[in-house]
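As structure tokens, the structure follows; a few thoughts come after it.
The values are calculated or read from the model by the stated rules, or taken from the named source; none is laboratory data. Because the structure is a prediction, the values reported are computed rather than measured. Counting neighbours? That spans all protein chains shown, and the Cβs are built from the backbone with ideal geometry, glycine included.
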Amino acid sequence: MVFAVAVLLALGSIALTLIVRGKDVPETPAVSPTAHLEQRKVQIYENLRDLQFEYRLGKLSDEDYQKTKVDLQRELAKVLAEIDTLQPAQAKAAVAAAESKPKPDGKTCPHCGAKFPLALKFCGACGKAMA
Ligand SMILES: [Zn+2]
């Protein structure tokens, strides 16, 4: 009996793993190339804050404080520079996407590009839905 329960539990966990995996694989989101850098930046800011806090409490010597602070600031500068080098490409892509896809206002057909003085539900030129 105990064996049967154990088998059921094992099968259950295998099934669950398969279900979870099956769900996860197709939905892998496109991670922003700067996501981990942003995370690192936040972490460094937190470390700097903690460092200052501990220094004010007198837990650190001037020397330790200055040394750690400079190390963190140097790392922060590196992370910020990396974000800067990655972001222009992203910003350009976003601008390009925005330009190629004008906001649907019902006046310009997204299919054939015909323009109308009034907002329409269906294009007067190609007959497709304007939204
Ligand atoms: Zn049209």
### Query
Is it fair to say residue 67 is within 16 Å of the ligand (Cβ to nearest atom), modelled with pLDDT of 90 or more and either of a type in the set (Lys, Arg) or closer than 25 Å to residue 41 by Cα (or both)?
no
### Task
Output the qualifying pairs, or none if there are none: Cβ atoms under 6 angstrom, residues six or more apart or on different chains, first residue in the stretch 105-117 and more than 8 Å from the ligand (Cβ to nearest atom), second residue of a type in the set (A, V, I, L, M).
106/119; 106/120; 106/130; 107/119
### Task
Could you list all residues from the stretch 39-78 that are over 29 Å from the mean Cα position of the chain (by Cα) and among the small types (Gly, Ala, Ser)?
58, 61
### Query
Does the stretch 119-130 contain any residue that is at pLDDT 90 or above, under 31 Å from the mean Cα position of the chain (by Cα) and within 15 Å of the ligand (Cβ to nearest atom)?
no
### Task
May I ask you to verify whether residue 115 is farther than 30 Å from residue 47 by Cβ, surrounded by 12 or more Cβ atoms within 10 Å (Cβ to Cβ) and of a type in the set (D, E, K, R)?
no
### Query
Which one of 95, 79 is touching a helix residue (DSSP H, G or I) at 6+ places or on another chain (Cβ under 9 Å), assigned to a helix (DSSP H, G or I) and more than 16 Å from the ligand (Cβ to nearest atom)?
79
